[in-house]
Amino acid sequence: MAQVKIYGIRERLRSFRETLSDIVHQCLVEAFGLPEDKRFQRFFGLDKEDFLYPPDHSEHYTIIEIVLFEGRSADAKKNLIRLLYERTAACGLTENDLEIVLIESPRSNWGIRGVPGDELGLSYRVDV
């Protein structure tokens, strides 16, 4: 399971939202083995005055925050980060304008389909 939150300036996110959504999902499928049909994403487009960032970033500055079940290896997480940096260039994002945060949580801390996450049967592996 992975819940993705993407933050940026509203107008900028709109200009590449669909492409970025596809890239993020394909990176998760490739790096973590998530099923193609398990896309959970939220876009948080903010007014420019509500999204503060240092002057060495551009208006394309974007934050990708991914909340996921614990259990992936460090190599799998690093691979995901590398894939995201490599492929988001297609959206015009430079390394300086993209920050990625992976937040892991025990499966028992999730509630999904009426049960705690550690009681949920999954069709894919988490320990990649």
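Within the stretch 51-83, report the GluC sites (Glu not before Pro) that DSSP leaves as loop and that have at most 15 other Cβ atoms within 10 Å.
Glu59, Glu70
Can you pull out the GluC sites (Glu not before Pro) in the stretch 1-57 whose DSSP state is coil and whose Cβ has at most 15 other Cβ atoms within 10 Å?
Sites meeting the loop and neighbour criteria: Glu36.
In whole Å, what is the distance between the alpha-carbon centres of the stretch 1-23 and the stretch 24-83?
When both Cα centres are located, 9 Å separates them.
Counting helices only, and only those DSSP H runs with n ≥ 4, report the 222 nm mean residue ellipticity of the chain as the sum of -39,500 (n - 2.57) divided by its residues, in deg cm²/dmol to the nearest 500.
-10000 deg cm²/dmol
Just in the stretch 13-118: which chymotrypsin sites (Phe, Trp or Tyr not before Pro) are loop by DSSP and have at most 16 other Cβ atoms within 10 Å?
The qualifying sites are Phe40.
Taking the alpha-carbon distance from Lys48 and a cut-off under 14 Å, which aspartates and glutamates remain once sequence neighbours fewer than 8 residues away in the same chain are dropped?
Glu11, Glu59
Got a number for carbon plus sulfur as a percent of the chain's accessible area, 1.4 Å probe?
48 percent
If you split all Cα-Cα distances of the stretch 16-58 into 5 Å bins from zero, what percentages do you get per bin, shortest first?
Histogramming the stretch 16-58 at 5 Å steps yields 5, 18, 20, 16, 16, 12, 11, 2 percent.
May I ask for log10 I(q)/I(0) of the chain at q = 0.16, 0.20 Å⁻¹, from a Debye sum over the Cα atoms as equal point scatterers with solvent left out?
Here log10 of I(q) over I(0) equals -0.80, -1.14.
Give the accessible surface of the chain per residue, rounded to a whole number of Å², with probe radius 1.4 Å and ligands, DNA and RNA excluded.
The answer is 55 Å² per residue.
The values are calculated or read from the model by the stated rules, or taken from the named source; none is laboratory data. The structure displayed is predicted, hence computed values, not measured ones. Glycine gets a Cβ as well: all are built from the backbone with ideal geometry, and neighbour counts include every protein chain shown. Heavy atoms of the whole protein, side chains included, go into the accessibility calculation; ligands, DNA and RNA do not. Shrake-Rupley method; radii C 1.70, N 1.55, O 1.52, S 1.80 Å.
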